[in-house]
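**Q** Would you mind keeping the following structure in view while I ask a few things?
The values are calculated or read from the model by the stated rules, or taken from the named source; none is laboratory data. Remember, predicted model here, so these are calculated numbers, not experimental data. Every residue, glycine as well, gets a Cβ built from its backbone with ideal geometry; the counts of neighbours run over all protein chains shown. Protein only, heavy atoms only, side chains kept; ligands, DNA and RNA dropped before computing areas. Shrake-Rupley method; radii C 1.70, N 1.55, O 1.52, S 1.80 Å.
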Amino acid sequence: MNVRNAQPQDIDSIVNIHLDAFEGFTLSLLGKRFLHRFYRAIINDDSGILLVAESQQQVVGFVSGTTAPEGYYKKLLLEQFVGFGFAALIGILTHPKQAFHLVKMVLSALTYRGDKPKDIGEAVLLSSIGVKPDTSSKGAGRLLLSAFEQQCILQHYKNVYLTTDRDGNERVNKFYRRSGYEIFQQIEKAGSRHMNVYVKALA
C-alpha cells in the first residue's frame, strides 16, 4: 500500500469512499455531484491537501485538509458559486425532509472559520480521513495520517488540528489519541453536537 497526491481521475473513488465512510453526514446528503465538485476544488486549490492510499492499483482511502483553514470553505464556495449552488440544490431536493438543515449547513460554510484553536499559531486543518470498509483494519488510516503529517512538515507547519464528534465516536477518538493527538478543547455546534478539537505538534 502506498500514498500519493490525489489526481482528478481518483475523484470517483474518493467520492464513493466518502459516501461509505460518512453516511448520513451533511456532505454525503448533498450527493455525488456536490462531492465531485468539492474534491476537485481541493485538488485545484493551492492550500488544499488531498492524498489517496492505493493498493493493487485501487484507491482504498483518502485524507483531505487545508493549510489555510480560516475562510477556506467560503473561498471554495464563492469561487464556483453557480456550480456548487446547483449541485447543492440537487442534493437538497433529493432529501426534502432535511432541506432546512442542508440549506443551513451550506450557508454556514460561508462563515465557517475552521474551528481553529487560539494560541497554536499557524496550523493545518485535517478535514477528514476515509477508508474502504474492507481495508479499515489494514493500516490505511494510519498510513494516510502519517503521510498527511509529513506533507505538513515539508511545508514547514508545526501543528495539525481536527475536530470530531465527542459522543458515539469512540473508535475515531481512540485512533487519534493513539496517533499522538491531544484534546485541546471541546466545542458545541448547532443541535447540541459536542466536538473534540485535537491538536498535534509536529516534530
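**Q** How many residues, within the stretch 122-153, are modelled with pLDDT of 90 or more and in contact with a Lys or Arg (Cβ under 8 Å, 6 or more places away or on another chain)?
**A** Total meeting the criteria: 4.
**Q** Determine if the stretch 52-60 includes at least one residue that is closer than 22 Å to G114 by Cα and open to solvent by less than 60 Å² (accessible area, probe 1.4 Å). Walk me through how you get there before you give the answer.
**A** Restricting attention to the stretch 52-60, the residues satisfying the condition of being closer than 22 Å to G114 by Cα are none.
The answer is no; no qualifying residue exists.
**Q** Look at Y181 and say whether it is hydroxyl-bearing (S, T, Y), more than 14 Å from S64 (Cα to Cα) and buried (at least 20 other Cβ atoms within 10 Å of the Cβ). Before the answer, list the steps.
**A** Numbers: hydroxyl-bearing (S, T, Y): yes; more than 14 Å from S64 (Cα to Cα): yes; buried (at least 20 other Cβ atoms within 10 Å of the Cβ): yes.
Considered against the rule, which asks whether it is hydroxyl-bearing (S, T, Y), more than 14 Å from S64 (Cα to Cα) and buried (at least 20 other Cβ atoms within 10 Å of the Cβ), Y181 comes out as yes.
**Q** Further question: Can you tell which of A201, A147 is under 20 Å from L50 (Cβ atoms) and out of contact with any helix residue (DSSP H, G or I) (no Cβ under 9 Å at 6 or more places or on another chain)? Quick ask: steps written out before the conclusion?
**A** On the way: A201 fails: under 20 Å from L50 (Cβ atoms).
Checking each option against the conditions leaves just A147.
**Q** Sticking with this one: Which residues, counting only those in the stretch 135-158, are of a type in the set (S, T, N, Q) and within 19 Å of I120 (Cα to Cα)? Walk me through how you get there before you give the answer.
**A** Of the residues in the stretch 135-158, the ones of a type in the set (S, T, N, Q) are 135-137, 146, 150-151, 155.
Residues satisfying the conditions are Q150, Q151, Q155.
**Q** Looking at V197, is it of a type outside the set (F, W, Y) and buried (at least 18 other Cβ atoms within 10 Å of the Cβ)? Give the steps one after another, and end with the answer.
**A** Numbers: of a type outside the set (F, W, Y): yes; buried (at least 18 other Cβ atoms within 10 Å of the Cβ): yes.
The answer is yes for V197.
**Q** Looking at V172, V131, which one is farther than 20 Å from R4 by Cβ, open to solvent by 20 Å² or more (accessible area, probe 1.4 Å) and hydrophobic (A, V, I, L, M, F, W, C)?
**A** Numbers: V131 fails: farther than 20 Å from R4 by Cβ.
Every option except V172 fails the conditions.
**Q** Look at the stretch 20-29 and say how many of its residues are over 17 Å from I42 (Cα atoms) and aliphatic (A, V, I, L, M). Write out each step before concluding.
**A** Here is the first cut: in the stretch 20-29, the ones over 17 Å from I42 (Cα atoms) are 20-26, 29.
Pick out the ones that are also aliphatic (A, V, I, L, M) and you get 21, 29.
The qualifying residues number 2.
**Q** I'd like to know if the stretch 159-175 contains one or more residues that are among the hydroxyl-bearing types (S, T, Y), assigned to a helix (DSSP H, G or I) and either modelled with pLDDT of 95 or more or over 16 Å from E122 (Cβ atoms) (or both).
**A** Scanning the stretch 159-175, I find no residue that is among the hydroxyl-bearing types (S, T, Y), assigned to a helix (DSSP H, G or I) and either modelled with pLDDT of 95 or more or over 16 Å from E122 (Cβ atoms) (or both), so the answer is no.
**Q** Can you pull out the residues in the stretch 149-176 that are touching a strand residue (DSSP E or B) at 6+ places or on another chain (Cβ under 8 Å), over 26 Å from S47 (Cα atoms) and basic (K, R)?
**A** Matches in the stretch 149-176: R166 only.
**Q** Mind counting the residues in the stretch 123-158 that are touching a residue at least 60 places away in the same chain (Cβ under 8 Å), polar (S, T, N, Q) and not in a helix (DSSP H, G or I)?
**A** The qualifying residues number 3.
**Q** Next up: Return a yes/no flag: does the stretch 34-43 have any residue that is part of a loop (DSSP other than H, G, I, E, B) and surrounded by fewer than 23 Cβ atoms within 10 Å (Cβ to Cβ).
**A** Keep residues of the stretch 34-43 that are part of a loop (DSSP other than H, G, I, E, B), which gives none.
No, that holds for no residue.
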